[in-house]
Amino acid sequence: MANIILLAVCLIAGIGLRKTGRFPSSTSAVLNGFIIHISLPALAILHIHTLKIDSTLILTGLMAWILFVTAWFLFGTAGRLLKLERSTVGALVLVAGLGNTSFVGLPMIEAYYGKEYLGIGIIADQFGSFMVLSTLGIMAATIYSSGAVTPRQMLRKIIMFPPLQALILAFMLRSVDFPDWSVSLLEKLGGTITPLALVSVGFQLKFGGMGAMLKPLSAGLAYKLFLGPAVIYILYCVLAGTSGSNMQVTIFEAAMAPMITAGIIAIDHDLRPQLVGLLVGIGIPMSFLTLHFWHLFLQRVA
């Protein structure tokens, strides 16, 4: 409950800081830069070092990849048919295609399923959402923000993404024992991501002109909160015939709100910041309700 309250407080704080004018207009850019270069790398190194890799959880790791590729196909196709702005399509692909499997996901798993299932959430986040963001996510952000890019430019953009560099370093350091002080340091640096990200999103969240964005906003939230997890349920439970608590938690993670960090990357690439803020700002509180119904559904059928 404390984590959920923190989400609300930081989001409201960001809105309040913008309205009072106490922080400069460049505040979000500075916060986003700190998150990308410090908070996310620290979190990657910390979690990958202690993560227990289990081959039976491959489907859990694949979940985020399936959701993102499906989102890219659906919104990319819709963008071409409806002649939507590239920045709008990019924002939807990036933010609606990735779930908040960590900051919202882990507290929700603990609340609905118990601490013993947090490992599944970490796999869904680190091998799924985080790795997708570091590779396909950066690729989509670059394509929809700058248009034509060469394969070499794209590869350089991905390789130079600090969280991906940290992820590679984390795998290289798995056999190394971390001293207690370094673990404490990584925990403190990684712990800054939730408050800073939500303050940044809140700082840019504006409800004025929301009517003009109602269609893409509704489409993004409908995919992230309903259609996306339904696709995973059909693939994993109906077609593949899997079941059990681990699979319930995997689908539950698929139903999480839009990913805050994906929103930060989208804003950093100037992909409809207002739409991104609405997707995250409305999607998170809305998911508290939709996740309850997904839990009830999964208890009965999965």
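The values are calculated or read from the model by the stated rules, or taken from the named source; none is laboratory data. Please read all numbers here as calculations on a predicted model, not as lab measurements. Cβ coordinates were reconstructed from backbone atoms using ideal geometry, including for glycine residues, and neighbour counts include every protein chain displayed.
Quick one: is Phe23 assigned to a helix (DSSP H, G or I), in contact (Cβ under 8 Å) with a residue 12 or more places away in the chain, on the phi < 0 side of the Ramachandran plot and among the aromatic types (Phe, Trp, Tyr)? Before the answer, list the steps.
Working: assigned to a helix (DSSP H, G or I): no; in contact (Cβ under 8 Å) with a residue 12 or more places away in the chain: yes; on the phi < 0 side of the Ramachandran plot: yes; among the aromatic types (Phe, Trp, Tyr): yes.
No, not satisfied.
Considering every residue within segment 49-71, establish whether at least one is buried (at least 24 other Cβ atoms within 10 Å of the Cβ), assigned to a helix (DSSP H, G or I) and of a type outside the set (A, V, I, L, M, F, W, C).
Let us first name the residues in segment 49-71 that are buried (at least 24 other Cβ atoms within 10 Å of the Cβ), namely 60, 63-64, 67-68, 71.
Applying the additional criterion that residues be assigned to a helix (DSSP H, G or I) yields 60, 63-64, 67-68, 71.
Now restrict to residues that are of a type outside the set (A, V, I, L, M, F, W, C): 60.
Yes, segment 49-71 contains a residue that is buried (at least 24 other Cβ atoms within 10 Å of the Cβ), assigned to a helix (DSSP H, G or I) and of a type outside the set (A, V, I, L, M, F, W, C).
Starting from segment 274-290, keep only residues that are on the phi > 0 side of the Ramachandran plot and in contact (Cβ under 8 Å) with a residue 40 or more places away in the chain, then list their pairs with residues that are in a helix (DSSP H, G or I) and surrounded by fewer than 24 Cβ atoms within 10 Å (Cβ to Cβ) whose Cβ atoms are within a distance under 9 Å, requiring at least 6 positions of separation or different chains.
Sorted first by the residue in segment 274-290, then by its partner, the list stays empty.
Taking segment 242-287 as the search range and keeping residues that are in a helix (DSSP H, G or I), touching a strand residue (DSSP E or B) at 6+ places or on another chain (Cβ under 8 Å) and at pLDDT 95 or above, which one is farthest from Trp65 (Cα to Cα)?
Here the answer is Glu253.
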